[in-house]
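Only one structure is covered here, and it is reproduced in the block below.
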Amino acid sequence: MADRNRKIIPYRRPLRVNIGLICFLILFIYLLFSATSYMKRPVIRYYEVEAGEMVNDTGHLGIVLRSENVYTAPTTGYINYYIRDGKRSAVGTRIFSLDETGNLRDYLEENSANSDTLSDQNLKDLKNSLTGFSASYSGKDFARVYDSRDAIQSELAEYASLHILDNLDQSLGQQGISFTQVRSPETGVISFFIDGYEGLTPEQLSAPDFDDSSYKANSLSAGEMAEAGTPVYKVISSENWQLVFPLTEKETAEYGDRSSLRVSFDNYDLTIPGDFHITTGADGSGLGVLTFHQFMVRFADQRFLRFRIETDREEGLKIPRSAITTKTFYTIPKSYQAKGGDSVEEGFYREIYTNGELTMEVVNPEIFYETDDMLYVDAAEDAVLKAGDVLIMPGSEERFTVGPTASLEGVYNINKGYAVFKQISIIEDNEEYVTVRKGTRYGLSVYDHILLDGSTGKEGAQVYQ
């Protein structure tokens, strides 16, 4: 009976703590929290400030104006040229002839084919013409291929005809060929390309005139019929020439006080200075006019020229335009800042009430920029100085109440892991980048890291790069 009444107490096993499992869970929770925090953290994109000039790729397209006198055919007939395009002629030089039947061209071809008409110098001149065309050729001006072809054909015609011109009258008389010879009435450079711009002044040009996509210059080829009164050639009588181009408002302000500009020409490896002034076109638009006194012959076959204006560039720091933002600051007269020394504490003397009594304390807000007479200090809500604070001028009883503000352009520097506004002074800009002055007291330095998007910056905000 005693055995039946005995109580049986179950054995409780001791709780065994799995240290490894607990460590794993803690580590897992930590990693999960870190990953979640990292994914929620805003992505900070920054830019490393670099030195150098900003390259502005914008060029200009200008119209060339010269002293050009156009001459027409005196009678109707088939035209034959005796001088090549772009060659200088004297008064009385044979330019072309006209014959009613076209037999003159056949006669010249027959006689020139029976003799060696091209000398070594002739071949050298032709080679130079082809080399010059090849060096300046651009796919945008494919039409120049035909212009150059006609010019070279004219050059060949000149070489082929020179040896028989002296006896031309007698020889053709025996053949029964009647023709009219035309000689140059003035000294100048001969051109056979007529485009309607001859005789225009800058003030007569308007915006449609600068559209080179529809430009067309007319010229007659040897052997073609020329009607009486048809323009057949022109004489460029002066070395002086003008290059006229449209101006934007910014360019008008930038070049308005300049009397000369230095320009470089695309595809010509040439940079020259030119006299400069601004005029108004026929449609009221602003036009820049460059006047040159040399190299007219080099561009005698061009009506449109692409070029760039070279300006004196100050080397600075290149930053993206997206980094630029503005910030508002309190402006305080410099005379209210104590410089320190001789037991005078540096900073601003601010009036305060302590236990109901008016006393003074020294504060040292960070200075972000200064002019000749003003200091710019932080105007944020948590800044040292607040609107309404009264400052005392050192060594005087004069007071200044903090309140006037001004805005500055700048960027947020994040070198130290938090955002600090840095004022900038822009030298030059384009659509994507600006060049700012380097070496300024409150500005940037090479290799500084700045926020790529300046609008996201906040003074003192922690930044993870």
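Quick check: anything in the range 234-252 of a type in the set (Ser, Thr, Tyr), assigned by TED's automatic domain parsing to the domain that holds Arg66, touching a residue at least 40 places away in the same chain (Cβ under 8 Å) and surrounded by 15 or more Cβ atoms within 10 Å (Cβ to Cβ)?
no
In the list Gly284, Gly316, Gly288, Gly356, which residue meets the criterion of being more than 30 Å from Glu398 (Cα to Cα) and loosely packed, with under 15 Cβ neighbours inside 10 Å?
Answer to the check: Gly284.
Looking at the range 425-433, can you tell me whether even one residue there is in contact (Cβ under 8 Å) with a residue 40 or more places away in the chain, in contact with a helix residue (DSSP H, G or I) (Cβ under 7 Å, 6 or more places away or on another chain) and of a type in the set (Ser, Thr, Tyr)?
yes
Out of Phe400, Phe421, I need the residue that is among the hydrophobic types (A, V, I, L, M, F, W, C) and in contact with a helix residue (DSSP H, G or I) (Cβ under 6 Å, 6 or more places away or on another chain). Which one?
Sole residue among the options that is among the hydrophobic types (A, V, I, L, M, F, W, C) and in contact with a helix residue (DSSP H, G or I) (Cβ under 6 Å, 6 or more places away or on another chain): Phe400.
Checking Ile278 against (1) loosely packed, with under 15 Cβ neighbours inside 10 Å; (2) free of Cβ contacts under 8 Å to residues at least 60 places away in the same chain; (3) in contact with a helix residue (DSSP H, G or I) (Cβ under 7 Å, 6 or more places away or on another chain), which test does it fail?
Ile278 satisfies every listed condition except (1).
Within the range 237-253, how many residues are under 21 Å from Leu205 (Cβ atoms) and either part of a loop (DSSP other than H, G, I, E, B) or acidic (Asp, Glu) (or both)?
4
If you take the residues of the range 206-224 that are of a type in the set (A, V, I, L, M) and touching a strand residue (DSSP E or B) at 6+ places or on another chain (Cβ under 6 Å), which of them is nearest to Arg66 (Cα to Cα)?
By that ranking, first place goes to Leu220.
How many residues does the range 281-324 hold that are hydroxyl-bearing (Ser, Thr, Tyr) and at pLDDT 95 or above?
Of the range 281-324, the ones hydroxyl-bearing (Ser, Thr, Tyr) are 285, 291, 311, 322.
Those still in the list that are at pLDDT 95 or above too: 291.
Adding up the residues that qualify gives 1.
Please tell me if Gly223 is surrounded by fewer than 18 Cβ atoms within 10 Å (Cβ to Cβ) and in contact with a helix residue (DSSP H, G or I) (Cβ under 6 Å, 6 or more places away or on another chain).
yes
For the range 394-461, which strands (runs of 3 or more DSSP E) that fit wholly inside it have 2 or more residues that are more than 30 Å from the chain's Cα centre (by Cα)? Break it down into steps so the answer makes sense when it comes.
Details: elements: 399-401, 405-413, 420-423, 426-429, 433-436, 449-451.
Hits in the range 394-461: 399-401, 405-413.
Identify the residue in the range 30-55 that is more than 24 Å from Ile414 (Cβ to Cβ) and within 33 Å of the chain's Cα centre (by Cα) and, among all such residues, is modelled with the highest pLDDT.
This residue is Glu53.
Looking only at the range 77-92, count how many residues are part of a loop (DSSP other than H, G, I, E, B) and surrounded by 15 or more Cβ atoms within 10 Å (Cβ to Cβ).
Our first condition is that a residue be part of a loop (DSSP other than H, G, I, E, B); within the range 77-92, this holds for 82-87, 90-92.
Pick out the ones that are also surrounded by 15 or more Cβ atoms within 10 Å (Cβ to Cβ) and you get 82-87.
Adding up the residues that qualify gives 6.
Among the listed residues Val70, Val91, which satisfies the condition of being in the same structural domain as Arg303 (by TED's automatic domain parsing), at pLDDT 80 or above and within 18 Å of Thr230 (Cβ to Cβ)?
Val70
From (1) farther than 28 Å from Glu346 by Cα; (2) surrounded by 14 or more Cβ atoms within 10 Å (Cβ to Cβ), pick out the condition that doesn't hold for Leu408.
Checking Leu408 against (1) farther than 28 Å from Glu346 by Cα; (2) surrounded by 14 or more Cβ atoms within 10 Å (Cβ to Cβ), the one that fails is (1).
Determine whether the range 377-387 contains at least one residue that is surrounded by 14 or more Cβ atoms within 10 Å (Cβ to Cβ), within 20 Å of Lys327 (Cα to Cα) and touching a helix residue (DSSP H, G or I) at 6+ places or on another chain (Cβ under 9 Å).
The answer is no, given that none of the residues of the range 377-387 is surrounded by 14 or more Cβ atoms within 10 Å (Cβ to Cβ), within 20 Å of Lys327 (Cα to Cα) and touching a helix residue (DSSP H, G or I) at 6+ places or on another chain (Cβ under 9 Å).
Quick one: count up the residues across the range 197-236 that are among the β-branched types (Val, Ile, Thr) and not in a loop (DSSP other than H, G, I, E, B).
Adding up the residues that qualify gives 3.
Scan Asp389, Asp378 and give me the residue that is of a type in the set (D, E, K, R), in contact with a Lys or Arg (Cβ under 7 Å, 6 or more places away or on another chain) and at pLDDT below 95.
Of Asp389, Asp378, the one residue that is of a type in the set (D, E, K, R), in contact with a Lys or Arg (Cβ under 7 Å, 6 or more places away or on another chain) and at pLDDT below 95 is Asp389.
Inspect the range 186-203 for any residue being at pLDDT below 75 and surrounded by fewer than 18 Cβ atoms within 10 Å (Cβ to Cβ) and give the result as yes or no.
Quick first cut of the range 186-203, residues at pLDDT below 75 only: none.
No, the range 186-203 has no match at all.
Look through the range 323-338, keep the residues that are of a type outside the set (Gly, Ala, Ser) and more than 20 Å from Asp389 (Cα to Cα), and return whichever of them is surrounded by the fewest Cβ atoms within 10 Å (Cβ to Cβ). It would help to see each step written out before you state the result.
If we filter the range 323-338 for residues that are of a type outside the set (Gly, Ala, Ser), which is where we start, we get 324-334, 336-337.
Among the residues that remain, those that are also more than 20 Å from Asp389 (Cα to Cα) are: 324-327.
On the way: Ile324: 18, Thr325: 17, Thr326: 11, Lys327: 21.
Residue satisfying both the conditions and the ranking: Thr326.
The values are calculated or read from the model by the stated rules, or taken from the named source; none is laboratory data. Quick caveat, the model's predicted, so the values are computed rather than measured. Here Cβ is always computed from backbone atoms with ideal geometry, including for glycine, and neighbour counts include all displayed protein chains.
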